[in-house]
Amino acid sequence: MKYIREAFDSNWIAPVGLNISEFENELEAYLQGVKGVALSSGTAAIHLALIQLGVKHGDSVICQSNTHNASANPITYLGANPIFIDSEPNTWNLDPELLEQAIKAEIIKGKKPKAIIVVHLYGMPALLSEILTIAQRYEIPVLEDAAEALGSQINGKMCGTFGNFGVLSFNGNKIITTSGGGALVCHSEQDKQKTVFLSTQARDHAPHYQHTEIGYNYRMSNVVAGIGRGQMEVLSDRILQRRAHFNYYKEYLADLPYLSFLDEPKTHYSNRWLTTILTPSFEMREQIRLALEAQNIESRPLWKPMHLQPVFANNIAYTNGVSEDLFNRGLCLPSGSNLNKSQLDSVVETIRGLRNEI
């Protein structure tokens, strides 16, 4: 509220002002050595990154299939075509082996992909070392969708800072929120200024309104950025809370051998944005979900893969069955930072109450 009041007191409630620049400074300090641009959404960040990577009508862009559709939709905004890649089982993210198969196959067709979008699903970092090696081998830029992974790390380096561009989201369900909003992570001041230019209607430097490029109304407002500044002060606490929820569920459901959790590889540190479980079957997943629903406890199936979405039914996909299996058997448990012990116990007790029926 302090930062919001400052925005109103200074009469800077437009997409310009001290809160925006300070929020960006705080993001840059947290992410260590990169540039950040505060935008209206993570989707807008993906769109502007693809533009700067030179994606145009008719191009192909490789995209992780196991994700929210906001990762893929901006590809279509540009008239480009998503090519979906399935998951590997260790992090549930983009499979490096399938990635290379797809690149080779598309090159043979004469359609080398213009970019690769990799997602850190549910806060779990992808196998970036392998993915970046392949991307560099074929000279294809990587757009790192860290919308769910602010604070997640690989070998101490923050997710969102590995790719040519990184994307963050501050949507209402994320680990910190500005109610809506996102950011594009860049590696140079030039890319940052280009992003600001495109996100503010691409107005040329002139005393009148002049435009030589198509621009967008994608800049974050000074009021919303004030919320972001306040949220940055509690980000570390939020990560610890989410990780504590994961540990609580894992500890108190440990004796149910038919449930499994997604563990971190040794080099990875996840913010545990959402705690997920994997059940042996679709039927058991639904039994647990409906039992929770009967207690007025919301849970959700894992993301339905993009290659199974009706809107992308005609797109190319390189699959191995992993993401479809995860969708059929996986469930997201309540994971909000403000969950108390009584609420966590209600979830655990409801799931444990089924053990004699399963």
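The values are calculated or read from the model by the stated rules, or taken from the named source; none is laboratory data. All figures in this text were calculated on a predicted structure; none of them were measured in a lab. Cβ: placed from backbone, ideal geometry, glycine included. Neighbour counts: every protein chain shown.
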Would you tally the residues in region 246-305 being surrounded by fewer than 18 Cβ atoms within 10 Å (Cβ to Cβ) and hydroxyl-bearing (S, T, Y)?
6
Can you give me the number of residues within region 101-153 that are buried (at least 18 other Cβ atoms within 10 Å of the Cβ) and charged (D, E, K, R)?
5
Name the residues in region 58-110 that are polar (S, T, N, Q) and within 14 Å of H47 (Cα to Cα), would you?
N69, S71, N73, T76, N81
Is one or more of the residues making up region 24-46 surrounded by fewer than 19 Cβ atoms within 10 Å (Cβ to Cβ), of a type in the set (K, R) and in contact (Cβ under 8 Å) with a residue 12 or more places away in the chain?
no
The number of residues in region 309-358 that are within 26 Å of V61 (Cβ to Cβ), surrounded by fewer than 17 Cβ atoms within 10 Å (Cβ to Cβ) and touching a residue at least 40 places away in the same chain (Cβ under 8 Å) is 4
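Residue-wise test of (1) outside any loop (DSSP other than H, G, I, E, B); (2) of a type outside the set (V, I, T).
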{"position": "E24", "(1), (2)": "yes, yes"}
{"position": "G33", "(1), (2)": "no, yes"}
{"position": "L48", "(1), (2)": "yes, yes"}
{"position": "V55", "(1), (2)": "no, no"}
{"position": "P89", "(1), (2)": "no, yes"}
Scan of region 306-352 for residues that are touching a strand residue (DSSP E or B) at 6+ places or on another chain (Cβ under 9 Å) and among the β-branched types (V, I, T), ordered by number:
I316, T319, V322, I351
Mind checking whether some residue in region 55-64 is basic (K, R) and touching a strand residue (DSSP E or B) at 6+ places or on another chain (Cβ under 9 Å)?
no
Looking only at residues in region 232-285 that are of a type in the set (V, I, T) and in a loop (DSSP other than H, G, I, E, B), which one is farthest from the chain's Cα centre (by Cα)?
T279
Subset tally (residues that are under 17 Å from N315 (Cα atoms) and touching a helix residue (DSSP H, G or I) at 6+ places or on another chain (Cβ under 8 Å)) for region 95-113:
4
Report, by residue number, each residue of region 321-358 that is among the β-branched types (V, I, T), at pLDDT 95 or above and more than 17 Å from R300 (Cβ to Cβ).
V322, V348
Restricting the search to region 8-22, which residues are part of a helix (DSSP H, G or I) and either within 14 Å of R219 (Cβ to Cβ) or not assigned by TED's automatic domain parsing to the domain that holds G172 (or both)?
N19, I20, S21
